[in-house]
1. Inspect segment 259-273 for any residue being open to solvent by less than 30 Å² (accessible area, probe 1.4 Å) and either closer than 30 Å to ALA204 by Cα or at pLDDT below 95 (or both) and give the result as yes or no.
2. Among the candidates SER111, SER131, which residue alone is in a loop (DSSP other than H, G, I, E, B), in contact with a Phe, Trp or Tyr (Cβ under 7 Å, 6 or more places away or on another chain) and of a type in the set (Ser, Thr, Tyr)?
3. Inspect segment 54-65 for any residue being within 26 Å of the chain's Cα centre (by Cα) and open to solvent by 50 Å² or more (accessible area, probe 1.4 Å) and give the result as yes or no.
4. Select from segment 15-25 the residues that are within 41 Å of the chain's Cα centre (by Cα), outside any loop (DSSP other than H, G, I, E, B) and at pLDDT below 85 and list them in ascending order.
5. Looking only at segment 283-301, count every residue that is open to solvent by 70 Å² or more (accessible area, probe 1.4 Å), assigned to a loop (DSSP other than H, G, I, E, B) and modelled with pLDDT of 95 or more and tell me the total.
6. Within segment 271-321, how many residues turn out to be among the small types (Gly, Ala, Ser) and within 12 Å of ILE234 (Cβ to Cβ)?
7. Write out, first by first residue and then by second, each pair whose Cβ atoms fall under 6 Å of each other, whose residues are 6+ apart or on separate chains, and whose first residue, in segment 174-193, is within 13 Å of ALA204 (Cα to Cα) and part of a strand (DSSP E or B) while the second is open to solvent by 10 Å² or more (accessible area, probe 1.4 Å) and among the charged types (D, E, K, R).
8. What residue, among those in segment 242-256 that are open to solvent by 40 Å² or more (accessible area, probe 1.4 Å) and either assigned to a strand (DSSP E or B) or in contact with a strand residue (DSSP E or B) (Cβ under 9 Å, 6 or more places away or on another chain) (or both), is farthest from LYS289 (Cα to Cα)?
Amino acid sequence: MRSISKENLSEILERHLMWVKPSEGERANLSWADLSGADLSGANLSGADLSWANLSVADLSEADLSEADLCEANLSGANLCGADLRGADLRVADLSEANLRVADLSGANLSWADLSGADLRVADLSGANLSWADLRWADLRGADLSWADLCVANLSGANLSGADLSRADLSEADLSRADLSRADLSEADLSEADLRGAKNIDSAIVSIGTAFFALQCPEKGAYTAYKKLSSGLIAELEIPADAMRSSATSRKCRASKAYVVSITDVDGNHPVSKASSKRDPSFIYEVGKMVEVPDFDLDRWNDNSTGIHHYITRAEAVAHQ
């Protein structure tokens, strides 16, 4: 890491500004420079080389860093509020706890970047590459993430309230415990995304209507399912091929009817002939008979609505509270 004096930094910035216009200037080469805590607010560093630079807790508010090379730079705790980072190279950069509120990061490359705990409220991340990025507990309220690549990104605990995630690639992304209230997920790719414990997802589903969530149960044909009944008993069910079936955003499924194969305790022992539903004591499951819900709710997003609730694996049924 090389040290930069204030006088030298001022000269570098002046010559870089001439280079940007362009004129007789010179592109700023600040790679590996120690600029921690530096006041660079409003600076024009468009296209500058800041790769591997230490910019931790630096003030870069309203700075022009468009197309800048910030690959593996340390920007932890930096103030980048309102900064222009369009098309910037921020691969593997450390932006943890950084203030990126209303910053323009459209088209930026943030793959593998650490954005954990960053303030990205109302930031423009449209079309940005955030694949494999760490966005745990980041504040992304109202952010524009449309068309962004968030493949395998870690968004666990992130606040995505009101965020625009339309057409974003969220395949294999970790959205566990994320707040998705009023988020726009229209045409987003959520294949294999982890949505366990995601908050307010119902309001997101309402706003998007047709967002893609793969069914947890087979879309057609008969299949085996399991359900917890009263007294902790477990029913093995066969969902017939002609049964209506659905799932929302969790592993729990619903069906319009089911054939009761067996009823045992959680260990698979001590079979009984019949048992009642946990929720409705009057709804009886009897071995060898079909049970049916005539008013099955066709809206798959009404997760707790009418239907025979079940899981695909016995272990999930046993764990159900």
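The values are calculated or read from the model by the stated rules, or taken from the named source; none is laboratory data. In this text, all values refer to a predicted model and were calculated from it rather than measured experimentally. Counting neighbours? That spans all protein chains shown, and the Cβs are built from the backbone with ideal geometry, glycine included. Surface accessibility is based on the protein's heavy atoms, side chains included, excluding ligands, DNA and RNA. Shrake-Rupley method; radii C 1.70, N 1.55, O 1.52, S 1.80 Å.
1. From segment 259-273, those open to solvent by less than 30 Å² (accessible area, probe 1.4 Å) are 260, 263-264; that's our starting set.
Subset that is either closer than 30 Å to ALA204 by Cα or at pLDDT below 95 (or both): none.
No: segment 259-273 contains no residue that is open to solvent by less than 30 Å² (accessible area, probe 1.4 Å) and either closer than 30 Å to ALA204 by Cα or at pLDDT below 95 (or both).
2. The conditions single out SER111.
3. no
4. LEU17, TRP19, VAL20
5. As a first pass, look at segment 283-301 and keep what is open to solvent by 70 Å² or more (accessible area, probe 1.4 Å): 284, 289-290, 292, 294-295, 298.
Checking which are assigned to a loop (DSSP other than H, G, I, E, B) leaves us with 289, 294-295, 298.
If we keep only those that are modelled with pLDDT of 95 or more as well, we get 289.
Going through segment 283-301 one residue at a time, the tally reaches 1.
6. Keep residues of segment 271-321 that are among the small types (Gly, Ala, Ser), which gives 273, 275-277, 282, 288, 305, 307, 315, 317, 319.
Checking the rest, the ones that are also within 12 Å of ILE234 (Cβ to Cβ) come to 275, 315, 317, 319.
Residues that pass the stated criteria total 4.
7. These pairs meet every condition: ASP179/LYS199; ASP184/ASP164.
8. Step one: of segment 242-256, the residues open to solvent by 40 Å² or more (accessible area, probe 1.4 Å) are 242, 244, 250-251.
If we keep only those that are either assigned to a strand (DSSP E or B) or in contact with a strand residue (DSSP E or B) (Cβ under 9 Å, 6 or more places away or on another chain) (or both) too, we end up with 242, 244, 251.
Values: ASP242: 16, MET244: 18, ARG251: 25 Å.
Only one residue tops the list, namely ARG251.
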